[in-house]
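Input: a single structure, listed below in structure tokens.
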Amino acid sequence: MGKSIFCIIIGWSAVIIVLVLYNIFPLLMGKEVLLEIRPVDPRDLLRGDYVTLDFNISHYGQYRLPYRDINVILKTDENNVADIAFVTQDNDKSLEKELYLKGTVTRNRIKYGIESYFVKENTGREIERKINSNSKSYARVKIAPNGKAKVIGLELNKEFNK
């Protein structure tokens, strides 16, 4: 009886550790880039203040992509701002040397799983106002070698010298 309970505890502990490591992998191993953003919404009553981010790279022109799960290969400029180089459905093995994001096509948009960014309480509306100004704003994102990403900060009203 004691041995089976020990095995159950070890099994559940392993599951929890794997889930935590899977979610922090982009933060530990990821390459940091900036993605230009457009906000949508600043508040959720149950979860607190957050900004829903709409990335420029979420819109792939007027073309309809013929598949659902894609890999968006990124190119960065001299300011480390990333943009779409091309889109593929190739597997991870062929993308080993590429900087890419895993995405899911929904209608005419690509979702990356990083569209919500939680902020300090009572700051969401102010952040949305700053993002909606005429200056460009960016999300600071870490992208892991497996295409998963995490938003680690926002760069509001940022202008780069070209």
Item to check | Search result, residues across the stretch 95-123 that are aromatic (Phe, Trp, Tyr) and part of a strand (DSSP E or B) | outcome: Tyr100, Tyr117, Phe118
Next on the checklist: Can you tell me how many residues within the stretch 73-90 are over 19 Å from the mean Cα position of the chain (by Cα) and closer than 16 Å to Asn146 by Cβ?
Outcome noted: 1
Item to check | Hits in the stretch 112-161 (condition: touching an Asp or Glu at 6+ places or on another chain (Cβ under 9 Å) and of a type in the set (Ser, Thr, Tyr)) | outcome: Ser116, Thr123, Ser135, Ser137, Tyr138
Checklist entry - Restricted to the stretch 104-114, and to residues that are buried (at least 17 other Cβ atoms within 10 Å of the Cβ) and in contact with a helix residue (DSSP H, G or I) (Cβ under 8 Å, 6 or more places away or on another chain), which residue is nearest to Leu34 (Cα to Cα)? => result Tyr112
Checklist entry - Got a sec? Which of Glu126, Glu96 is over 26 Å from Asn157 (Cβ atoms) and without any contact (Cβ under 8 Å) to a residue 60 or more places away in the chain? => result Glu96
Item to check | Qualifying residue in the stretch 137-146 (condition: at pLDDT below 85, in a strand (DSSP E or B), closer than 27 Å to Ile24 by Cβ and in contact with a strand residue (DSSP E or B) (Cβ under 8 Å, 6 or more places away or on another chain)) | outcome: no
Next on the checklist: Scan the stretch 68-85 and tell me whether some residue there is small (Gly, Ala, Ser) and at positive phi.
Outcome noted: no
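The values are calculated or read from the model by the stated rules, or taken from the named source; none is laboratory data. This one's a predicted model, so the numbers in the text were calculated from it and none came from an experiment. Methodologically, a virtual Cβ is constructed for each residue, glycine included, from the backbone with ideal geometry; neighbour enumeration extends over all protein chains shown.
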